[in-house]
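Please read the structure below before turning to the comments.
The values are calculated or read from the model by the stated rules, or taken from the named source; none is laboratory data. No experiment lies behind these values; they were computed from the predicted model shown. Quick reminder, even Gly has a Cβ in these numbers, built from the backbone with ideal geometry, and neighbours come from all protein chains shown.
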Amino acid sequence: EWSTSVKISVIGCGYLGAVHAASMAELGHEVVGIDVDQDKVESLSQAKAPFYEPGFEELLGRTLATGRLRFSTDFGDARGSKVHFVCVGTPQKRSEYAADLRFVEGATESLLDVLAPGDLVVGKSTVPVGTAARLADLVSSKVPGAILAWNPEFLREGFAVQDTLEPDRLVYGIPDDVDGETARALLDEVYASIRERGTPQVVTDYATAEMVKTAANSFLATKISFINAMAELCEATGADVKQLADAIGYDDRIGRKFLNAGLGFGGGCLPKDIRAFMARAGELGADQALTFLREVDNINMRRRIRMVDLAREVCDGSLVGKRVAVLGAAFKPDSDDIRDSPALNVAAQLQLQGAVVRVTDPAAVENSRRLWPQLDYAATPEEAAERADAVLVLTEWKQYRELDPAAFGKVVKQKRVLDGRNALDRDAWTAAGWSYRALGRRHG
Ligand code: UGA
């Protein structure tokens, strides 16, 4: 148990907020999570996760049982908390690259009614650089003595609990004055047990803290597009991108992580973050600095088109009337998130080109059906692949990596597999009589 318990409110109980709220309670703090969505609040209060995330439901149950965690739709319940985390979304705007800040601004404005002097508002959402300074002015002008800090979050879906409780680093963006010292001391109290483990800490200004997050995601996106660009070249030359990644990855200045070539990145973060970053750079007159990110985005989107082309190629040049099984709909394994999912995007394109597409996923079928009701869904890979002309593995769930190619071969019409994530054992599949194709690799 930790000596000091801080009273905390968490505004926004989506992915980030719900995990953050439960994690703060796990650290010993008294936490109220607030969200406008009644259903979400009810579900969380009953220890039911509104999204798929390994380990989260257990954490939720455990922390609710301590009595230190509760959820509410009433903003007034944030009154009396010392630290208020803003964890709302910053989606891409409808028809432009920029981030939509209406939720962050709305949450901060709603907090103004409940803040007391000395309270700390902590932004965790990913925002365009300059947002924190603007919100800090708003907070201190409306509630003298209230302070704002920016403390970006780096959690990955699928590892959200671990990433929140055991982050690689803590980043604080604070003002350079006595308020900043107060903010820092409060955050240190909140994260005392994380800091005790020797977690690196970067204490800096608002703009740097905001940029750390977008820079990190831009770097990760660039790394993925780099290897996917190499995959394009491998396809042109007959080289093998997987071995190439292994070989360059042994240089620890490069590192093997995030060098998995395939369908590329999707999800609620990387794609929209690089676009918002470009938009913000443009506003600041520094767009040239980030023109390379446009290429990162282009390379990424090209992989999806290439996948559809490859499917057409293996289906003897036409997709019309061909039965195609799509294994995987989530933007990555261990998630039910389909935001900007490369897999679903490919499935939809295949259907538009005349294929009879059946999609399956261990966790994301329900979400997919809501977004793409026009696609056909199946509960299992076997069902999806019944009499299929081609099988596409587009999200590398463990279940799909562990499929027995011999048994699976019995359900399809044609033993053609396209490995969109370089996740299958090529030799095992070819040995079982499959024709194996992958992005950036020779035929099997
Ligand atoms: C990403 C970052 O990794 C987190 O650090 C960050 O906190 C988060 O965004 C955020 O901004 O909130 P996440 O979107 O959960 O996390 O997923 P990643 O694990 O980064 O994967 C993103 C996409 O890249 C997935 O579609 C994945 O399939 C793809 N990917 C990843 C590759 O295509 N190749 C790789 O080698 C790695």
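Filter segment 36-51 for residues that are touching a Phe, Trp or Tyr at 6+ places or on another chain (Cβ under 7 Å) and either at pLDDT 95 or above or hydroxyl-bearing (Ser, Thr, Tyr) (or both); which is nearest to the ligand (Cβ to nearest atom)? Out of the qualifying residues, it is ALA49. The single condition among (1) without any contact (Cβ under 8 Å) to a residue 40 or more places away in the chain; (2) over 23 Å from LEU439 (Cα atoms) that ASN298 does not meet is (2).
Can you spot a residue in segment 245-262 that is part of a helix (DSSP H, G or I) and touching a residue at least 24 places away in the same chain (Cβ under 8 Å)?
No.
Of the helices (runs of 4 or more DSSP H) lying entirely inside segment 327-388, those carrying at least 1 residues that are in the same structural domain as GLU402 (by TED's automatic domain parsing) and either over 28 Å from ALA160 (Cβ atoms) or within 12 Å of the ligand (Cβ to nearest atom) (or both) are 342-352, 381-384. Filter segment 281-311 for residues that are crowded, with 18+ Cβ neighbours inside 10 Å and of a type in the set (Asp, Glu) and give the result. Listed by number, the list holds a single entry, ASP297.
Annotation: of all residues in segment 27-70 being among the hydroxyl-bearing types (Ser, Thr, Tyr) and touching a Ser or Thr at 6+ places or on another chain (Cβ under 9 Å), the one that is farthest from THR108 (Cα to Cα) is TYR52.
Kindly evaluate GLY198 against the criterion of being without any contact (Cβ under 8 Å) to a residue 60 or more places away in the chain and within 13 Å of the ligand (Cβ to nearest atom).
For GLY198, the condition - without any contact (Cβ under 8 Å) to a residue 60 or more places away in the chain and within 13 Å of the ligand (Cβ to nearest atom) - is not met.
Pairing each residue of segment 148-164 that is over 12 Å from TYR15 (Cβ atoms) with any residue that is within 13 Å of the ligand (Cβ to nearest atom) and assigned to a strand (DSSP E or B), provided the two are 6+ apart or on different chains, yields C-beta distances under 7 Å for ASN151/VAL171; PRO152/VAL171. Residues in segment 134-191 that are small (Gly, Ala, Ser) and buried (at least 21 other Cβ atoms within 10 Å of the Cβ): ALA136, ALA146, ALA149, ALA160, GLY173, ALA183.
Hey, among ASP168, ASP163, which residue is at pLDDT 95 or above, assigned to a loop (DSSP other than H, G, I, E, B) and within 16 Å of the ligand (Cβ to nearest atom)?
Unique residue meeting the criteria: ASP168.
Name the single residue, out of those in segment 265-274 being within 7 Å of the ligand (Cβ to nearest atom), closer than 20 Å to ILE305 by Cβ and of a type in the set (A, V, I, L, M, F, W, C), that is surrounded by the fewest Cβ atoms within 10 Å (Cβ to Cβ).
Among residues in segment 265-274 that are within 7 Å of the ligand (Cβ to nearest atom), closer than 20 Å to ILE305 by Cβ and of a type in the set (A, V, I, L, M, F, W, C), the one surrounded by the fewest Cβ atoms within 10 Å (Cβ to Cβ) is LEU270.
Here ARG306 passes the criteria (1) without any contact (Cβ under 8 Å) to a residue 12 or more places away in the chain; (2) not assigned by TED's automatic domain parsing to the domain that holds PRO167 except the one numbered (1). Selection of segment 137-150 for residues being more than 27 Å from the chain's Cα centre (by Cα) and either assigned to a strand (DSSP E or B) or within 20 Å of VAL190 (Cα to Cα) (or both) yields GLY145, ALA146, ILE147. Hey, any hits in segment 275-288 for a residue that's near the ligand (Cβ under 7 Å from one of its atoms), part of a helix (DSSP H, G or I), under 19 Å from the mean Cα position of the chain (by Cα) and of a type outside the set (D, E, K, R)? No, that holds for no residue. Looking only at residues in segment 224-244 that are touching a residue at least 12 places away in the same chain (Cβ under 8 Å) and among the polar types (S, T, N, Q), which one is nearest to the ligand (Cβ to nearest atom)? The qualifying residue nearest to the ligand (Cβ to nearest atom) is ASN228.
This table checks each residue for (1) more than 16 Å from the ligand (Cβ to nearest atom); (2) closer than 23 Å to ARG339 by Cβ.
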residue: ALA247; (1), (2): no, no
residue: LEU263; (1), (2): no, yes
residue: PHE292; (1), (2): yes, no
residue: ASP297; (1), (2): no, yes
residue: ARG302; (1), (2): no, yes
residue: VAL308; (1), (2): yes, yes
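Yes or no, residue by residue, for (1) farther than 24 Å from ARG303 by Cα; (2) β-branched (Val, Ile, Thr):
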site: ASP376; (1), (2): no, no
site: PRO381; (1), (2): no, no
site: VAL393; (1), (2): no, yes
site: GLU396; (1), (2): no, no
site: VAL411; (1), (2): yes, yes
site: ARG437; (1), (2): no, no
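Checking each residue in segment 80-129 for being over 27 Å from ARG156 (Cβ atoms) and either crowded, with 17+ Cβ neighbours inside 10 Å or among the small types (Gly, Ala, Ser) (or both) picks out GLY80, SER81, LYS82, SER95, SER110, LEU111, VAL114, LEU115, ALA116, GLY118, ASP119.
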